Structures are given as C-alpha cells and as structure tokens.
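Novice: This structure is in structure tokens; I'll ask about it shortly.
Every read-out reported here was derived from the displayed coordinates using simple, explicitly stated rules and does not represent laboratory data. Since the model is a prediction, treat every value here as computed from it, not as a measurement. Positions of Cβ are backbone-derived with ideal geometry, glycine not excepted, and every protein chain shown enters the neighbour counts.
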Amino acid sequence: MLGAIVGDIIGSVYEFNNIKTVDFPLLTEESCFTDDTVLTVATADCILNGGNYADYYRKYYRMYPQRGYGGNFHIWGSSDSMGPYNSYGNGSAMRVSPVGFAYKTIEEVLAEAKRSAEVTHNHPEGIKGAQATAAAVYLARTGAGKEKIKEYIAGNFGYDLDDTIERIREVYGFNETCQGSVPQAIMVFLESCSYEDAVRKAVSIGGDSDTIACIAGGIAEAYYGGVPEDIKSKVLLKLDRNMIKIINKFYEIFIYKIL
C-alpha cells in the first residue's frame, strides 16, 4: 500500500512532463500526492472499518479536492446517489493495492477487488484491471516468483506481458485505460531488481506516470519486502496526519508497524 503511495508521489511531477529515462530525482519540492494516494487510503480505510467503497471514495474525494481526479469521477464524487459509470479507466487499479495485502486467499482478493472497482468502474476492463493488480500484490507478498506471477496474470486476465521496458519506452504514450496501463505497470515490476528500480522504470516509460508508478510500486513493495527507509521517511512528510493514521493502522493489523 505505501509502495503505491510512494510511486504516485514520485511520478506526480512527470505525468504531464514525461521523462524517458531512469535517471531523475526521486523527490522534489513539487512532488505531491494525487488522487491515486487519496483513493488508496480510502480503500484501506474501508477495509479497516467496513462499509461501502462508494461511501469512502466520496468521503475522501470531498476531503481532498483538486487532486487530479478524472472528469467522470468528479461528477460521481460530487453526487450523493450516482451509480457506477461503466469506466475502464485505470482508477480502479491505482487504488486497489490494500486489497492485495489484507485478504488471505486469492479468491477473497479477486472478489474484494471486484467490489472496490465496480462502485465506479463496472466495465469488465475496469474490474479486470483492479483484479489483476490486487492479484499481483497478493502473489508477490505470499512468496510467488516473478515467473509464477507473470503466468497467473497472463493466464487469468489475458494481458500480454512479453514486451520489454526498452521497447515500451520507445513507443508508449499517455493512456489512462486499465488495458493500456496495467499490463505495462506489471511488466515494469517484472523487469525490476528492487523497489526503487521498479518505480524508476515505471516513470521512465512515460504515459500516466503517477499511476504507472503507483501500480508497479504497490506490487514491488509486496515482492521486495517494503519501501526503503530513506525514501519512506521523505514521502511521509508529504502526507497529512489523517493519511498517516490510516496507513499505520492498516499496517499494524495486516502487515507490521512501519511508522
């Protein structure tokens, strides 16, 4: 979960200013959390306290306005009763990493990822993107190797994961769909050698940089056993007290005390 948040914050300054290299400052004064972080924390809060994901997403949207939400989500979040809007955007995948950490079986993870997605992203691709991301996090944290993760995701979700980061970097452009960003984020993780390397590679392919790094970062945290302390301490300074409280409680219950 924190790995996703760190990826979002690192990628935030490159979303509309793509940088096609891994050689860049990880954090700057302009680095900030976006809707990816807000809704990831909302997902964790919902898991901790129960209830409806739609209620939590609306609550957090209103607590943290102007954080880069998509146009349809703006309309949905401003409404008290609007139902899902058949989205296949990558918003369902960017917010789902807590699900991969919190549940004990792959079946539970897939079912909960679907529930978290379908309150807004009830298009099959929107649900698939959330499930694939959560499944990758779950498999990574439960000891699966990269080949097993790749085989499971490709076999169950139909994503082509055989491309290389070098080729993706050459041709990839801005794409906010699940089908146009989740496979790329997973491939970034598969080619990485550390948490930091995964985030750097995610940003380096361009496109929707904060979300690519958010998705890849959540998986990489699970696989590599956490976020490096020096990166984590700097990122926590970018978050407010409410977010840190929810993150800490989530880790105390589901993983370990980190803050």
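Novice: Somewhere in the stretch 120-135, is a residue assigned to a loop (DSSP other than H, G, I, E, B), touching a residue at least 60 places away in the same chain (Cβ under 8 Å) and not small (Gly, Ala, Ser)?
Specialist: Yes, because at least one residue in the stretch 120-135 is assigned to a loop (DSSP other than H, G, I, E, B), touching a residue at least 60 places away in the same chain (Cβ under 8 Å) and not small (Gly, Ala, Ser).
Novice: Scanning the stretch 20-79 for residues that are of a type in the set (Ser, Thr, Tyr), farther than 19 Å from Leu237 by Cα and part of a helix (DSSP H, G or I), which turns out nearest to the chain's Cα centre (by Cα)?
Specialist: Only one residue fits best here, namely Thr43.
Novice: Do we have Thr105 as buried (at least 21 other Cβ atoms within 10 Å of the Cβ) and either among the β-branched types (Val, Ile, Thr) or within 30 Å of Asn17 (Cα to Cα) (or both) here?
Specialist: no
Novice: For the stretch 201-250, enumerate the residues that are assigned to a helix (DSSP H, G or I), surrounded by fewer than 19 Cβ atoms within 10 Å (Cβ to Cβ) and touching a residue at least 24 places away in the same chain (Cβ under 8 Å).
Specialist: Correct list: Lys232, Lys234, Asn242, Lys249.
Novice: If you check Tyr138, Tyr53, Tyr60, which single one turns out to be hydroxyl-bearing (Ser, Thr, Tyr), free of Cβ contacts under 8 Å to residues at least 40 places away in the same chain and surrounded by 17 or more Cβ atoms within 10 Å (Cβ to Cβ)?
Specialist: Exactly one of Tyr138, Tyr53, Tyr60 is hydroxyl-bearing (Ser, Thr, Tyr), free of Cβ contacts under 8 Å to residues at least 40 places away in the same chain and surrounded by 17 or more Cβ atoms within 10 Å (Cβ to Cβ), namely Tyr60.
Novice: Scanning for something touching a Phe, Trp or Tyr at 6+ places or on another chain (Cβ under 6 Å), free of Cβ contacts under 8 Å to residues at least 12 places away in the same chain and farther than 24 Å from Ile253 by Cα, does the stretch 81-89 turn up at least one residue?
Specialist: Yes: one or more hits.
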